[in-house]
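The values are calculated or read from the model by the stated rules, or taken from the named source; none is laboratory data. Just so it is clear, the structure is predicted and the values come from calculations on it, not from any experiment. Counting neighbours? That spans all protein chains shown, and the Cβs are built from the backbone with ideal geometry, glycine included.
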């Protein structure tokens, strides 16, 4: 039974890290004229109203995007100075300026999901393929993006559907894989999907979001993905911003594991992670890790 809906978590600290990385990857793809595809295996509803009851239930955005919102650049700007006159990291300013484009009033009312961010950054020659199994989220996703040029929305298992899309015609693609991990079987399904995708399209950019949890599967996943990547370039970034709750559970942080990442990403993350961890950290032990294998 499908129960997970991202609306309850929209704009949280995990979204901030995931979308900072996604924006950088897509801007890098846009640096060449050749078309590319963006494939989102678990697209959700595509975007979220933060005043909606689902988003308000736990108000997770208050510990995520809302912490950064006051420092968002003015419309049309890509750089901004923070308190003390020191500029924000460029990638953070770029990300915040993009989020601000979805909130024309200047108030933080809406948080775009990965589909909305990809759609805003893609060019006329690029394609967007979106998959979502939850019926309610699929209806919202299809209503927003189904009729857009270059976009296809399907109510299907993105892990399964991925097989039919690789390799893409122009042999350039970013594949975002971010299941909910609500079920332990999601971990094995993810590993199988990435392994199969690499056999079909070894040069694609694969971006895997994963949760940092007090769960064995969560701890093992990055190492398993490194083995699957083999000799390919990879980058693993993770950030822990909170401690476990009294029962030892809760989303402590998140990570992004990329296979064939942009060569510029490591330096960008190296510069912004100290600032971002400080901005989003909820306890004194908040920390990050950044590792890569680069040829």
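Looking for whichever is modelled with pLDDT of 95 or more and out of contact with any strand residue (DSSP E or B) (no Cβ under 8 Å at 6 or more places or on another chain) here; the options are 115, 73, 124, 89. Which one fits? Explain how you work it out, then say what you get.
Details: 115 fails: out of contact with any strand residue (DSSP E or B) (no Cβ under 8 Å at 6 or more places or on another chain); 73 fails: modelled with pLDDT of 95 or more; 89 fails: modelled with pLDDT of 95 or more.
The conditions single out 124.
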Inside region 166-182, can you point out the residues that are under 20 Å from the mean Cα position of the chain (by Cα) and exposed (fewer than 13 other Cβ atoms within 10 Å of the Cβ)?
-> 182
So, in region 204-231, of the ones that are in contact with a strand residue (DSSP E or B) (Cβ under 9 Å, 6 or more places away or on another chain) and surrounded by fewer than 17 Cβ atoms within 10 Å (Cβ to Cβ), which residue ends up nearest to residue 170 (Cα to Cα)?
-> 231
Check region 249-266 and report whether any residue there is part of a helix (DSSP H, G or I) and touching a helix residue (DSSP H, G or I) at 6+ places or on another chain (Cβ under 7 Å).
-> yes
Which one of these does residue 163 not meet: (1) in contact (Cβ under 8 Å) with a residue 12 or more places away in the chain; (2) farther than 16 Å from residue 39 by Cβ; (3) exposed (fewer than 13 other Cβ atoms within 10 Å of the Cβ)?
-> (2)
Give me the pairs: first residue in region 200-216 and closer than 13 Å to residue 39 by Cα, second residue surrounded by 19 or more Cβ atoms within 10 Å (Cβ to Cβ) and modelled with pLDDT under 95, beta-carbon distance under 6 Å, and six or more apart or on different chains, which are they?
-> none
In contact (Cβ under 8 Å) with a residue 60 or more places away in the chain, surrounded by fewer than 20 Cβ atoms within 10 Å (Cβ to Cβ), more than 20 Å from residue 114 (Cα to Cα) and out of contact with any strand residue (DSSP E or B) (no Cβ under 8 Å at 6 or more places or on another chain): does that describe residue 245?
-> no
Hey, can you tell me all the residues within region 217-242 that are in contact (Cβ under 8 Å) with a residue 60 or more places away in the chain and part of a helix (DSSP H, G or I)?
-> 226, 229
Kindly list the number of the only condition in (1) without any contact (Cβ under 8 Å) to a residue 60 or more places away in the chain; (2) part of a loop (DSSP other than H, G, I, E, B) that fails for residue 62.
-> (2)
